[in-house]
Amino acid sequence: WTSDSKEVIFMSDRNGTFNIYKQSVDQTVPDVLVGGNNPVAQPRLSPDGTQLLYLVYPNWGETVSSVPLMRVPLAGGTPQLILKEHWISNHQCSRAPSSLCIYSVAADGALTFFSFDPFQGRGSQVYQIKDDLPQVYNWSLSPDGTTLAIAKGKWGEEQPRIHLVPMNGGVDRWLTISGTQGLATLDWAADSKGLWASSASDENALLHIDLQGHAVPVWRPGKMCVGWAIPSRDGRYLAVLVSSGSANVWMVERP
């Protein structure tokens, strides 16, 4: 969402390659923000809302040693490199007056978190989780920049938990979530007082989770599948990823 909560920024491959678009809530056709022939993904905003931050991934079949994290003024301009890293799994910034930005690298049996500045580049390591499958984690930084929420996707028979890591050096907390077999996605509420998540159980649902771990189903999409739920900065709207799929099976007699 843009800072005024009037436009949604998203990625789409509607033209054959993933590009980044912007579309207002009453607009029928989106505007291109970042185009080109290389896939671009994970559009985020800088803390002050003026810079669009995004990743540039290689095309299918290409081998690269690092993934660029880029910035470009939301009002338009020339993209600039912030930093390069072996494989960035996610990145996110808090909102002003907080200035904290974090990205994660899932590699070498660990999920490692680093701070960064959109103009100065990489900062320091802020947290690390040792796991042979670091790619199965979701995480989200609270808008006020105080807390990192981390959840492991549905795996085995473990009861889903959310790990709350304070960014000011306080004590970690764990929220045990009942009523679902796992959490597929994780995003903070606009006021940093709760979380939005999608369940990974047989009956997919959009959940609101308070900071005591109480999960309330808000929407069950039925035959569709609900994913990330990103709140507008004023907290009035949710931009929700909803997907559905169908396929036909044909039987042809052999000659």
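For the stretch 36-71 and the stretch 87-110, what is the separation of their Cα centres, given in Å?
If you average the Cα positions of each part, the centres end up 13 Å apart.
With each pseudo-label sitting 7 Å past Cα toward Cβ, what's the THR78-SER243 distance in nm, one decimal?
Here the answer is 3.7 nm between the modelled labels.
Give the calculated FRET efficiency between VAL171 and ASP131 to the nearest 0.05, with a Förster radius of 25 Å applied to their Cβ-Cβ distance.
Efficiency for this residue pair is about 0.70.
Give the long-range amide H neighbours of ALA200: residues separated by 5 or more places, or on another chain, with amide H under 5 Å away, using H modelled in the peptide plane at 1.01 Å from N.
Under 5 Å from the amide H of ALA200 lie the amide H atoms of GLN181, GLY182, LEU183, ALA184, each far enough along the sequence or on another chain.
Using amide H atoms built in the peptide plane, which far-off residues or other-chain residues are under 5 Å from TRP228 H to H?
LEU241
How much solvent-accessible surface does HIS86 expose, in Å² to the nearest 10, with a 1.4 Å probe and all protein chains in place?
110
Test of the criteria: in the stretch 1-93, which GluC sites (Glu not before Pro) are in a DSSP loop and have at most 13 other Cβ atoms within 10 angstrom of their Cβ?
Numbers: sites: GLU7, GLU62, GLU85; in loops: GLU62.
Loop-located and lightly packed - GLU62.
What Cys residues in the chain have no fellow cysteine's beta-carbon under 4.7 angstrom?
Cys with no partner Cβ under 4.7 Å: CYS225.
Taking θ as phi - 60°, what are the ³J(HN,Hα) couplings along the stretch 48-57 by the Karplus curve (6.51, -1.76, 1.60), each to the nearest whole Hz, with x for Gly and Pro?
Once θ is set to phi - 60°, the couplings for the stretch 48-57 become 8, x, 8, 10, 8, 10, 7, 9, 10, 9 Hz.
Excluding same-chain residues fewer than 8 positions from LYS6, which lysines have a Cα within less than 16 Å of its Cα?
LYS22
Most mobile of ASN90, ASN15, ASN204 per a Gaussian network model of the chain (Cα springs, under 10 Å)?
So, out of ASN90, ASN15, ASN204, the one fluctuating most is ASN15.
Over the Cα atoms of the chain, what Rg and Dmax result, in angstrom?
Both quantities, over Cα of the chain: 18.9, 71 Å.
Where in the chain lies the longest segment free of chymotrypsin sites (Phe, Trp or Tyr not before Pro) that are both loop residues by DSSP (not H, G, I, E, B) and have at most 10 other Cβ atoms within 10 Å?
Excluding the exposed sites themselves, the longest stretch runs over 120-249.
Just in the stretch 160-255: which trypsin sites (Lys or Arg not before Pro) are loop by DSSP and have at most 10 other Cβ atoms within 10 Å?
Answer in residue order: LYS223, ARG236.
On a full-extension model of 0.36 nm per residue, what is the gain between GLN23 and TRP60, subtracting their alpha-carbon distance, rounded to one decimal in nm?
This chain segment gains 10.6 nm when fully extended.
Please turn the phi angles of the stretch 106-122 into ³J(HN,Hα) values with the Karplus equation 6.51 cos²θ - 1.76 cosθ + 1.60 (θ = phi - 60°), one per residue in order, whole Hz, x for glycine and proline.
Each residue of the stretch 106-122 in turn: 9, 6, 6, x, 7, 10, 10, 9, 10, 7, 8, 10, x, 10, 9, x, 5 Hz.
Pop out the carbon and sulfur fraction of the accessible area of the chain as a percent, whole number, probe 1.4 Å. Mind dumping the intermediate values first?
Working: 7020 of 14000 Å².
The nonpolar share, carbon plus sulfur, comes to 50 percent.
Tell me, what is the per residue accessible area of the stretch 70-167 in Å², probe radius 1.4 Å?
Ligands and nucleic acids excluded, the figure is 47 Å² per residue.
Would the stretch 1-117 count as rounded, prolate or oblate if I go by the C-alpha gyration tensor, calling it rounded below 1.5 in a/c and otherwise prolate when a/b exceeds b/c, oblate otherwise? All intermediate terms of the calculation are to be shown ahead of the outcome.
Numbers: a/c = 2.03, a/b = 1.19, b/c = 1.70.
Here the stretch 1-117 falls in the oblate category.
The values are calculated or read from the model by the stated rules, or taken from the named source; none is laboratory data. Being a predicted model, the structure only gives us computed values, none of them experimental. Every residue, glycine as well, gets a Cβ built from its backbone with ideal geometry; the counts of neighbours run over all protein chains shown. Side chains included, ligands, DNA and RNA excluded: accessible areas come from the protein's heavy atoms. Shrake-Rupley method; radii C 1.70, N 1.55, O 1.52, S 1.80 Å.
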